[in-house]
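Colleague: Okay, here's the structure, questions in a sec.
The values are calculated or read from the model by the stated rules, or taken from the named source; none is laboratory data. The structure presented is a predicted model; accordingly, all values stated were derived computationally and were not measured. Glycine gets a Cβ as well: all are built from the backbone with ideal geometry, and neighbour counts include every protein chain shown.
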């Protein structure tokens, strides 16, 4: 699992994935493919930089490539991201409420160690972040699912 986190940790690769996702779900794109030249133009990066990052994405199964003469067309491959989603889902659906108590001394020990309101503040921030992540993932899954051919849909998104 660490490999895919390393791959998507790079902001340039995330930008490439975003453009590929846009093409993947675009109503006017039958194949979801985009050329390297179009990626270079859209991102304002050099062709060698784009190619280097596309190779990393391809090596980890996040994109596929089709060669047509001297041109290469890339397409998003969702399977590794679905595996990542499956791994993240328990964390996104965990019930982060006010009943959490540390196993090593309870709420009083935690409050004495960290300050009285730090635990409450962290809990709220985690809950807010979790909610935002759920909304983004659910919206993205709905957009992708609506535009996929029925034969490509493997499983419904689990909220």
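Colleague: Checking residue 94 against (1) modelled with pLDDT under 85; (2) over 24 Å from residue 128 (Cα atoms): exactly one of these is not met. Which one?
Modeller: Single failed check for residue 94: (2).
Colleague: For the stretch 11-64, how many residues are within 20 Å of residue 83 (Cβ to Cβ) and outside any helix (DSSP H, G or I)?
Modeller: Here the count works out to 6.
Colleague: Another one. Are any of the residues in the stretch 64-76 within 16 Å of residue 3 (Cα to Cα) and in contact with a strand residue (DSSP E or B) (Cβ under 9 Å, 6 or more places away or on another chain)?
Modeller: Initially, the stretch 64-76 is screened for residues within 16 Å of residue 3 (Cα to Cα), giving none.
No, the conditions are met nowhere in the stretch 64-76.
Table: residues versus (1) within 19 Å of residue 137 (Cβ to Cβ); (2) out of contact with any helix residue (DSSP H, G or I) (no Cβ under 9 Å at 6 or more places or on another chain); (3) at pLDDT below 95.
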{"residue": "3", "(1), (2), (3)": "no, yes, yes"}
{"residue": "10", "(1), (2), (3)": "no, no, yes"}
{"residue": "27", "(1), (2), (3)": "no, no, yes"}
{"residue": "39", "(1), (2), (3)": "no, no, no"}
{"residue": "53", "(1), (2), (3)": "no, no, no"}
{"residue": "74", "(1), (2), (3)": "no, no, no"}
{"residue": "81", "(1), (2), (3)": "yes, no, yes"}
{"residue": "85", "(1), (2), (3)": "yes, no, yes"}
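Colleague: List the pairs whose first member sits in the stretch 117-140 and is surrounded by 12 or more Cβ atoms within 10 Å (Cβ to Cβ), whose second member is at pLDDT below 65 and part of a helix (DSSP H, G or I), and whose Cβ atoms are under 9 Å apart, counting only residues at least 6 apart or on separate chains?
Modeller: So the pair list comes out as 118/110; 118/111; 119/107; 119/110; 119/111; 122/114.
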